[in-house]
Amino acid sequence: MALVNDKFIYFLAKIVQRWNKMTNIGQSVSKTVKEIVLDDIFLQAAIRGQYCNYSAIARKIKPLVDKKVGYDTDVQSIVTAIKRLKPTLTYSPKNVKMVLADSNLSVKTGVAKITVEKTRTTTLKFSELIRKYINSIIHVSVGYAAITIIMDEMCSEEVLELFEKSSLLENKRNLAAIIVTSTPEITDVPGCAISIYERLFSSGINIEDTTSSYTDTIIVVKNEDVGKAFETLNSLINEARREILTLFKGRQ
């Protein structure tokens, strides 16, 4: 009788051990999938927008999941983890649409981009540049190792003379700046800028430089791309306006 009980206990212990292992595997896969998705804004957008193929995403990220968890995972377990993850993605596309719908576009052609090495000398010259050409400057960014000036092309030659040739890192002309002017809400609503960049990326438009200043999102592109870029962003804003209008009518 004792032998039977020992065998039963051993068998029961094996079942519990296997169940614990399966549970831990599931948790590990879920945690890993969450880490991968939260590290990829495009995957998040696809999952939130419900225009993704869960199985296709699962197959795509499976090699990375396998590598992180250390074993060969099942595609279906990844699919399940993605579906469970969706409610935790708190980004609100409706809020982004409202900001975009209330945005306007403007274009500045004849733009130049000058980048110089950030040194003591260039920093001192930079102060002089700001004072003299403030009305011709569209944007300035000061990084750890370089200073970039986006400005009117007509004044760019004069500006270049302020700096030593050895400090010049980049000098580009024939550019255009598209300014997306939004309401102050853009500073508090996540996802607005990436919606703009994602649409330009999907249209195959290269962004030469970009920055934001309070309610302005400034995007610099080549002159030959400005028409397509403007049309792309104008379509994005018009789509947002139509969706918000439809939503508003549905509540009446």
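The values are calculated or read from the model by the stated rules, or taken from the named source; none is laboratory data. Predicted model, so just to flag it, every value in this text is computed and none were measured. Here Cβ is always computed from backbone atoms with ideal geometry, including for glycine, and neighbour counts include all displayed protein chains. For the accessible areas, the whole protein counts, side chains as well, though only heavy atoms, and no ligand, DNA or RNA atoms are used. Shrake-Rupley method; radii C 1.70, N 1.55, O 1.52, S 1.80 Å.
For segment 79-107, the set of residues classified as open to solvent by 50 Å² or more (accessible area, probe 1.4 Å), modelled with pLDDT under 85 and farther than 30 Å from Glu231 by Cβ consists of Arg84, Lys86, Pro87, Thr88, Thr90, listed by residue number.
Select from segment 216-231 the residues that are more than 16 Å from the chain's Cα centre (by Cα) and open to solvent by less than 20 Å² (accessible area, probe 1.4 Å) and list them in ascending order.
Restricting attention to segment 216-231, the residues satisfying the condition of being more than 16 Å from the chain's Cα centre (by Cα) are 216, 220-231.
Selection gives Val220, Val221, Ala229.
Residue pairs whose Cβ atoms lie under 8 Å apart, sitting 6 or more positions apart in sequence or on different chains, and linking a residue in segment 117-143 that is farther than 28 Å from Val107 by Cα and free of Cβ contacts under 8 Å to residues at least 40 places away in the same chain to a partner that is outside any helix (DSSP H, G or I) and open to solvent by less than 70 Å² (accessible area, probe 1.4 Å), are Lys118/Gly143; Lys118/Ala145; Lys118/Ala146; Lys118/Ile147; Thr123/Ile147; Lys125/Leu162; Lys125/Phe163. The helices (runs of 4 or more DSSP H) found wholly in segment 49-151 and carrying at least 1 residues that are under 25 Å from the mean Cα position of the chain (by Cα) occupy 54-69, 75-85, 93-101.
Flag: Lys7 does not match the condition of being modelled with pLDDT of 80 or more and either out of contact with any Asp or Glu (no Cβ under 7 Å at 6 or more places or on another chain) or open to solvent by 40 Å² or more (accessible area, probe 1.4 Å) (or both).
Selection over segment 139-152 of residues that are open to solvent by 50 Å² or more (accessible area, probe 1.4 Å) and either modelled with pLDDT of 90 or more or more than 21 Å from Thr217 (Cα to Cα) (or both) gives a count of 2.
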